[in-house]
Structure formats: C-alpha cells, structure tokens
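Engineer: This structure is in structure tokens; I'll ask about it shortly.
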Amino acid sequence: MTHVNYIDAERKTPTVKTHAEDFRSLLSRFEEAGRLVRVGVEVDPVFELAAVCRHLQQDPDKREHVVVFENVRGSSFPLVGNLCDSRNKIAFAMGTTPRESIDRVLSATGNPIPVELVEQPVSQEVVITSPDLGLLPIPTMSELDGGPYITAGLHLTRNPITGVRNAGIQRNQVHAPDLLGIYMAPTHMLQHYLAAQEKGVALPVAIALGVHPSLLVASQLRLPYDTDELAVAGALVGEPVRMARCVAIDAEAPADAEIVIEGEVLPDERRLEGPFGEFARLYGPARELPVVRVRAITHRQRPLYHNVMSASSPENVTLGAVGREPSLLKALRSSVPTVESVRITIGGGANFHAVVALRKNFEGEPQKVGFAAFAAQDLIKHIYVVDEDIDIFDDEELHYALATRMDPSQDIHVVENVKGNPLDPMSTEYQPGRAVVNKMIVDATKPMGSEDRYRTAEVPADVLERVAKDWDRYLGGA
Ligand code: MN
C-alpha cells in the first residue's frame, strides 16, 4: 500500500488507538483506489485554492478525486479538499453506494450507538492555549466573501438545560487570531445559544475539523431536538464515536479529529459577518452576528485541515442532500407509507427541490406527500411526485413523467405565503424573519385506473432477453 507520506511521518507513539477509520485513514483508502491528487506547489488560500478545487471538479478525469494541498501559503498544515462534493465520494467514505446510502443512514438512525469517552486523544497531541487561527490554512473562496471562512467545522454543543449534545455544521468567518464569526442557521445549535443567552452565559462550542464524513452526514440529518447525531454516526461507522473532554472549555470533541477549535459563543457580542457565497450560489448579505472567542486549539501531529467548498461548487449542497434525504424519506413514510424513495436535488441547492417516487394507492396522495415534505423540512419549496417506475435519480426520467403524466391545469398545486428563507432569491423579503415563499406540489403520477392508456411500448421482453443471452452471436463473428 502507498502511504500518504505525511500521515505516518513524525508520529510519536499514538496515545490511543484511532478510530476504525478516521479522516486520514479514509484518505489512504482514496489514495489506494487511485482517487487522490496532490498539489505540491505553493497555492494562495485567497481564491487560488478555490479555483484549483473548481477546476478539478470540472475535469472529467479528476472530479471523483480528493485533493491534498501540501503547501498552502502562510500555513504549515496541508489542506484536504473535494472530499464531499459528489454522492459517489460520500458513499465511498461510508462504505456504500449512492443508491444504498439512504437505507444505510435510515437504519443507523433507528439503531443509534452512544458515544464513548476516552482519555489522551490523538486530537490533543498538540495543545495550544494561546490560540492563533493564523496557523490554519483557511481559504477565501467567493469573490465578495467578507474574509476567510471555516466551512467544514463540526460544531459540538450541549443543550444548557438538558445537557444533550448537538452536532451541526455552521460557517465561521475569521475576524481575528482568536475570534470567529458564526452564522447559526435556525436549527438546534441556535436553540442552545438562545438558552445560554437567556441565562446570560457563553455557550461552549468545540469546532472539529478533519472528522470522518459519516459524522458530517449524521450532522445533516433532521433529527428531533435533543437527539445526539453522533450516536447515529456511531451506528453508521459500526462502533461508538470516541469523544474526549476539551482542555479549555466544558465540552467534548471527537477524539480522532485532526483539529479542534475550542471556544465560546459570547452572549452579547456582535460583529459584521459576511457577505458569504452560500448554497443558492448567491451571496448572503453581511449582518451583525454572534462571535466565538477561541480559548484553545488542539491538533494531531501534522494535522490535515478539511475545507468544504461553498457557493457554486456542489460540495456544500451534496453533503446536505445526502444527510437530509433519509430524514425526509422517514417523514414522508409516516404520512404515506408507500413512498419508495426521495431525492433532494443538487440543482435545487439541496434545499428547494425534492423528487419523490410513490406507489400511489389513492388519488390525492401526492398532495399529502407534498404537505408532509413542507412540514418536515422548512426550505423545501417544489415537490415533484412521480410513480415508482420512474428512476428519480435520472433527470430524463423525471422529464418523461412530467411530459406524459402531468396536466398543468389539474396537477400543480400552489401553496402561498409559507415561511421561507432569506437566502432564497424568490422569497418576498430578503431579510430574516420576514421571508415568505410560494410553494408548489407537482403531481406527475398517472391517474388511477388508466392502465390501458399507459401501457409501455417496448420490444417484447422475451425477445430482448433471448438477444441478451445469445449476445456473442451478434457481434462475435464479424
Ligand atoms: Mn440536532
């Protein structure tokens, strides 16, 4: 096996055994599969690095590769990019296929394995208590971004009232060597922050970088409040996620993380954060948002910094789609049990569009599916419901269903003035708290009782089969 050269270099005796597969052993697996490229020349973290990531994503021979930047200007840490920008790569990391990943994640959700606490984690091989974020190769990606952004940080917090952990990815702008901006999407971490603020105290947060993608996928599930995403991550990797107490704050972080930034979200301080190129490939505006005071940085020897591309790159949204589809499928089935599968599209920013395959037993079920989706995930705006014979991961199949099974005067149902997101350019007001959007359910299922009209035209099945079986006869003898 070819070793990733910096991985075993300089390692002192490891303090505890690392995870069954951690971030760097996953990279070795990509390298063994011939799916890792290295950039050895010095690269500027301001725009140039992002441009190289984009170029690789557009190269048909390299788009399924992970990239390691060995030499990012201003930092001695390598940067790993393009790890989560395709369904194939995320599935490869999870040891599954894109089509099977929804079931894998759903079964993990139903059989969580609680985390375990360990001492002397590798994530603390180096401990820095006078932190300087300038150590890290944090890139600036989109033209108008307000500054460098940490984008792959898994944020671990505890509910200040119940003590239950939450794991989520938030974006962090670098304001100063020991100060980060944070935009908390209106999800569970924001609830933790508001509860701490109510008490007048800071919220401890561990920001882990360089964790296995299974943890990142688990963090994108839409689990109920006060459910530990890392227990689902444990089920995904087949053993408890190992956690370690932080050195400077009252929190825990994954013991195998490459880098952990320990900090506190301050209750009252605000700084101008943004603009930032976001999931809709548009800029979120600059706003006064909370800040994280960094108390310590810990890392492994020769740590690998993980970056997730945002904006026009499919990376941020692909991770979101893979994480959110299983929860959506579960929610839809609780309303309509014959929902077969779901796809949250990358083109829809992994938020706005969902395609649902339904084995329809009753007229009107597609509308039920649409309402269940709107209720389950805030940002879903357009729902396309098709029959179960349509391959929802194939856009041409979707178009076929729309072309042959949908009557615009009967089958498009518009729901007006639903709570939306200011990052949606079609929302009524481009500001938090006032954005509402109009939504749509498209029923592209065949009418009930229309079997005759929808008899598929095809070469007889027995002849197709016979030809396939004797295939050598047709081209072999020439
Ligand atoms: Mn949560």
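The values are calculated or read from the model by the stated rules, or taken from the named source; none is laboratory data. In this text, all values refer to a predicted model and were calculated from it rather than measured experimentally. Cβ coordinates were reconstructed from backbone atoms using ideal geometry, including for glycine residues, and neighbour counts include every protein chain displayed. Just the protein is used for accessible areas: all its heavy atoms, side chains included, with ligands, DNA and RNA removed. Shrake-Rupley method; radii C 1.70, N 1.55, O 1.52, S 1.80 Å.
Engineer: Taking the options V260, V265, V291, V339, name whichever one is open to solvent by less than 10 Å² (accessible area, probe 1.4 Å) and free of Cβ contacts under 8 Å to residues at least 40 places away in the same chain.
Structural biologist: Matching residue, one of V260, V265, V291, V339: V339.
Engineer: Could you grab the pairs with beta carbons closer than 7 Å, sequence gap of 6+ or different chains, first residue in segment 178-196 and without any contact (Cβ under 8 Å) to a residue 12 or more places away in the chain, second one in a loop (DSSP other than H, G, I, E, B) and more than 9 Å from the ligand (Cβ to nearest atom)?
Structural biologist: So the pair list comes out as L190/M184.
Engineer: Name the one entry in R54, R24 that is closer than 18 Å to T318 by Cβ and either of a type in the set (V, I, T) or modelled with pLDDT of 95 or more (or both).
Structural biologist: The conditions single out R54.
Engineer: Further, regarding this structure: L230 - would you say it is among the hydrophobic types (A, V, I, L, M, F, W, C), open to solvent by 10 Å² or more (accessible area, probe 1.4 Å), under 21 Å from the mean Cα position of the chain (by Cα) and within 16 Å of the ligand (Cβ to nearest atom)?
Structural biologist: For L230, the condition - among the hydrophobic types (A, V, I, L, M, F, W, C), open to solvent by 10 Å² or more (accessible area, probe 1.4 Å), under 21 Å from the mean Cα position of the chain (by Cα) and within 16 Å of the ligand (Cβ to nearest atom) - is not met.
Engineer: Condition test on P303, is it surrounded by 22 or more Cβ atoms within 10 Å (Cβ to Cβ) and in a loop (DSSP other than H, G, I, E, B)?
Structural biologist: yes
Engineer: Looking at (1) part of a loop (DSSP other than H, G, I, E, B); (2) open to solvent by less than 30 Å² (accessible area, probe 1.4 Å); (3) of a type in the set (A, V, I, L, M); (4) in contact with a helix residue (DSSP H, G or I) (Cβ under 6 Å, 6 or more places away or on another chain), which one does I346 not meet, given that it meets all the others?
Structural biologist: Of the numbered conditions (1) part of a loop (DSSP other than H, G, I, E, B); (2) open to solvent by less than 30 Å² (accessible area, probe 1.4 Å); (3) of a type in the set (A, V, I, L, M); (4) in contact with a helix residue (DSSP H, G or I) (Cβ under 6 Å, 6 or more places away or on another chain), the odd one out for I346 is (2).
Engineer: With assigned to a strand (DSSP E or B) and away from the ligand (no atom under 14 Å from the Cβ) as the only criterion, which of P204, P160 stands out?
Structural biologist: None of the other options fit; the residue is P204.
Residue-by-condition table, conditions (1) among the small types (G, A, S); (2) surrounded by 15 or more Cβ atoms within 10 Å (Cβ to Cβ):
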site: P112; (1), (2): no, yes
site: V115; (1), (2): no, yes
site: Q120; (1), (2): no, no
site: A152; (1), (2): yes, yes
site: I161; (1), (2): no, no
site: A176; (1), (2): yes, no
site: A196; (1), (2): yes, yes
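Engineer: When you scan segment 247-259, do you find a residue that is within 16 Å of the ligand (Cβ to nearest atom) and in a loop (DSSP other than H, G, I, E, B), even just one?
Structural biologist: Yes, some residue in segment 247-259 is within 16 Å of the ligand (Cβ to nearest atom) and in a loop (DSSP other than H, G, I, E, B).
Engineer: Name the single residue that is nearest to the ligand (Cβ to nearest atom) among those in segment 176-193 being in a strand (DSSP E or B) and in contact with a helix residue (DSSP H, G or I) (Cβ under 9 Å, 6 or more places away or on another chain).
Structural biologist: L180
Engineer: Shifting gears a bit: Scan segment 207-227 residue by residue and report those that are assigned to a loop (DSSP other than H, G, I, E, B) and either over 18 Å from the mean Cα position of the chain (by Cα) or in contact (Cβ under 8 Å) with a residue 60 or more places away in the chain (or both).
Structural biologist: G210, V211, H212, Q220, L221, R222, L223, Y225, D226, T227
Engineer: Please work out if S214 is open to solvent by less than 40 Å² (accessible area, probe 1.4 Å) and within 21 Å of L194 (Cβ to Cβ).
Structural biologist: No, not satisfied.
Engineer: Please go through segment 452-467 and give me each residue that is modelled with pLDDT under 95 and either more than 42 Å from the chain's Cα centre (by Cα) or in the same structural domain as A401 (by TED's automatic domain parsing) (or both), ordered by number.
Structural biologist: Scanning segment 452-467 gives a single hit, D452.
Engineer: Now a separate question. Which one of the conditions (1) outside any strand (DSSP E or B); (2) hydroxyl-bearing (S, T, Y); (3) more than 16 Å from the ligand (Cβ to nearest atom) does T298 fail to meet, given that it meets all the rest?
Structural biologist: It is condition (1) that T298 fails.
Engineer: Regarding segment 158-174, can at least one residue be identified that is under 20 Å from G284 (Cβ atoms), assigned by TED's automatic domain parsing to the domain that holds D250 and free of Cβ contacts under 8 Å to residues at least 24 places away in the same chain?
Structural biologist: yes
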